Amino acid sequence: MHVRALDLIARVLDAESFAAWPEPLPEPEAVDADYAEELRAARERTGLDEAIVTGEGRIHGRRVAVVACEFAFLAGSIGVAAAERLVRAIERATAERLPLVASPTSGGTRMQEGTVAFLQMVKISAAVAAHRTAGLPYLVYLRHPTTGGVFASWGSLGHVTAAQPGALIGFLGPRVFEALNGEPFPPGVQIAENLYEHGLIDAVVPPEQLRDVVVRVFGVLGGDDDPGDGKPTADGPGTRGHTAEDPEVPDTPAWEGVRRSRDPARPGLRALLRSGAHDVTPLRGTGEGESEPSLRLALARFGGPGSSGAPCVVLGQDRTRQSEYGPFGPAGLRQARRGMRLAAELGLPLVTVIDTAGAALSREAEEGGLAGEIARCLAELVVLPAPTVCLLLGEGAGGGALALLPADRVLCARHAWLSPLPPEGASAILFRTTERAGEIAERQGIRADELRANGIVDRIIPELPDAAAEPDAFVRRVAATLESEIRALRGMDAEHRLRTRLARYRRLGLPE
């Protein structure tokens, strides 16, 4: 189950492209005879001079940095010399603007060097933070086992984190736990698959499939050869009037649009990612112990056949999962905020997809801080430095929809809608009955044309006559529109784009 560092590197990088970075190692002070003998034996046994291997290579011809632990060298433990080699490699990757693949496998701090070794995790974390602050991708692959300070520092800071199937991963090693507590650690907790279920890692993949994951992730995080020219794609943000892209279609009453948006055959986010995007890498949970199946987070490229596609972070409401698991709660919005941070840190465009009958209404949601999470999503999204596109794909009810709305460009499917509550809920408030929901839908201005006339929506995506009747063509149309919008936004001056976004929402609802 142990995978050697050099074997893993060979599996991930292009053939014969690896070049080690043989940084000189500082000698630990006051090494006793027993420890000196352990070091000598480890070097002889592994052919390595320390527990960390660093270097660079290529993935599909693209230059990348790699750092990996060798468990056969004193259980991959990190002392002063290993930490210094690791930090110098991370700093070099940052200076040379290289994406970084890191693969820990370790028992943690090297006990033979004591507290000084323990403190090395601070400078390692600082180096990773500087690499991320520079907007460079950091991908982590946790191998069996990864425990202690290694897991609690550079092993837990990835933009994307995968793990080896069945790998033991945890803060406190089971042997230490049993020695301190007199009983075994509860089974099944510190296992890669359990971490995945709890939203702490994004994927569980065998070593032989890791290269495919890295290629997909760096294919999106590596950006795009054509950043766009910054020209508006159809109209400027908030422009009022009719969209040139929408052919003449019969006017649809608001309630009929609501009904069509709820058709089980209507394509949702899952269909959009499956048929309208490529290089899709799903991300799991908040990374902090929560996972919400009804809200999806992914890296992807939108574009049609023959197109390199436009890279982005996608976060959106999955209508299929909401029907299976119920509406999303505060954990879903914390998951969304992870996507916002990822887009901001890496400078990737963010696409939000709204398709929800409303967020969870429950005691758990209230006590879990749903209202506060909606507020934080709004506050972070409206000032996000990355380019943003919102897609109203179907239902758009309440604060759960609003939380993903503020964007540079807002697109709306012809039969999508946006309302403070589902029309039935608004009818209940105003008339103490749900029977007048259709009347309320007409009065509240929830339709695509009305949203556009009020400066809420920029562009309407046609449905001919509705998405459920032409799912494949509709998904292709949406994907092409997203690609066009993303490319245009990437070419705009960032400060001007943010000022325009803030001004848009500042004047919303006021007369022109």
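The values are calculated or read from the model by the stated rules, or taken from the named source; none is laboratory data. Not measured: the values here are computed from a predicted model. Here Cβ is always computed from backbone atoms with ideal geometry, including for glycine, and neighbour counts include all displayed protein chains.
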**OP:** Given the conditions (1) buried (at least 22 other Cβ atoms within 10 Å of the Cβ); (2) within 15 Å of the chain's Cα centre (by Cα); (3) within 28 Å of GLN190 (Cα to Cα), report the number of the one that GLY329 does not fulfil.
**Re:** (2)
**OP:** Look through THR146, THR133, THR161, THR105 and report the one residue that is in contact with a Phe, Trp or Tyr (Cβ under 6 Å, 6 or more places away or on another chain), assigned by TED's automatic domain parsing to the domain that holds GLU197 and touching a residue at least 24 places away in the same chain (Cβ under 8 Å).
**Re:** THR105
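Conditions (1) at pLDDT 95 or above; (2) closer than 25 Å to LEU210 by Cα; (3) not assigned by TED's automatic domain parsing to the domain that holds ARG376, marked per residue:
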| site | (1), (2), (3) |
| --- | --- |
| HIS242 | no, no, yes |
| ASP263 | yes, no, no |
| GLY268 | yes, no, no |
| PHE328 | no, no, no |
Subject >> Single residue of region 179-200 satisfying the filter (closer than 18 Å to GLU292 by Cβ and aliphatic (A, V, I, L, M)) that is surrounded by the most Cβ atoms within 10 Å (Cβ to Cβ) >> reply: LEU195
Original post:
Among the numbered criteria (1) closer than 22 Å to ARG506 by Cα; (2) not in a loop (DSSP other than H, G, I, E, B), which single criterion is violated by PRO385?
Top reply: (2)
Subject >> Residue, nearest to GLY158 (Cα to Cα), within region 120-131, restricted to residues that are among the aliphatic types (A, V, I, L, M) and in contact with a strand residue (DSSP E or B) (Cβ under 9 Å, 6 or more places away or on another chain) >> reply: VAL128
**OP:** Kindly indicate whether any position in region 285-303 is out of contact with any helix residue (DSSP H, G or I) (no Cβ under 6 Å at 6 or more places or on another chain), among the aromatic types (Phe, Trp, Tyr) and buried (at least 19 other Cβ atoms within 10 Å of the Cβ).
**Re:** no
**OP:** Pull up region 156-178, narrow it to residues that are part of a loop (DSSP other than H, G, I, E, B) and among the aliphatic types (A, V, I, L, M), then point me to the one that is surrounded by the fewest Cβ atoms within 10 Å (Cβ to Cβ).
**Re:** LEU172
**OP:** Go through region 21-51 and count every residue that is out of contact with any Ser or Thr (no Cβ under 7 Å at 6 or more places or on another chain) and either in a strand (DSSP E or B) or hydrophobic (A, V, I, L, M, F, W, C) (or both).
**Re:** 9
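Listed here are the residues, each with its yes/no results for (1) among the acidic types (Asp, Glu); (2) more than 26 Å from LEU346 (Cα to Cα); (3) in contact with an Asp or Glu (Cβ under 8 Å, 6 or more places away or on another chain).
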position: THR46; (1), (2), (3): no, yes, yes
position: HIS60; (1), (2), (3): no, no, yes
position: ALA72; (1), (2), (3): no, yes, no
position: ALA82; (1), (2), (3): no, yes, yes
position: GLU96; (1), (2), (3): yes, no, no
position: ALA127; (1), (2), (3): no, no, yes
Subject >> Failed item, numbered, when PHE218 is tested on (1) surrounded by 15 or more Cβ atoms within 10 Å (Cβ to Cβ); (2) modelled with pLDDT of 95 or more >> reply: (2)
Original post:
If you take the residues of region 347-373 that are modelled with pLDDT of 95 or more and of a type in the set (A, V, I, L, M, F, W, C), which of them is farthest from ARG97 (Cα to Cα)?
Top reply: ILE354
Subject >> region 307-327 residues that are free of Cβ contacts under 8 Å to residues at least 60 places away in the same chain, paired with ones that are charged (D, E, K, R) and surrounded by fewer than 24 Cβ atoms within 10 Å (Cβ to Cβ) (beta carbon under 7 Å, 6 or more apart) >> reply: ASP318/ARG270; THR320/ARG270
Original post:
Failed condition for GLY149, given (1) of a type outside the set (A, V, I, L, M); (2) in contact with a Ser or Thr (Cβ under 8 Å, 6 or more places away or on another chain); (3) surrounded by fewer than 15 Cβ atoms within 10 Å (Cβ to Cβ), with all others met?
Top reply: (3)
Original post:
Which condition breaks for GLY445 when tested against (1) under 22 Å from CYS390 (Cβ atoms); (2) buried (at least 22 other Cβ atoms within 10 Å of the Cβ)?
Top reply: (2)
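Would it be correct to say that ARG43 is at pLDDT 95 or above, assigned by TED's automatic domain parsing to the domain that holds ARG175, surrounded by 15 or more Cβ atoms within 10 Å (Cβ to Cβ) and more than 22 Å from GLY173 (Cβ to Cβ)?
No.
Give me a count of the residues in region 476-512 that are in a loop (DSSP other than H, G, I, E, B) and either over 25 Å from VAL220 (Cα atoms) or among the polar types (S, T, N, Q) (or both).
5
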Subject >> Matching entry among ILE456, ILE440 (being of a type in the set (Val, Ile, Thr) and without any contact (Cβ under 8 Å) to a residue 40 or more places away in the chain) >> reply: ILE440
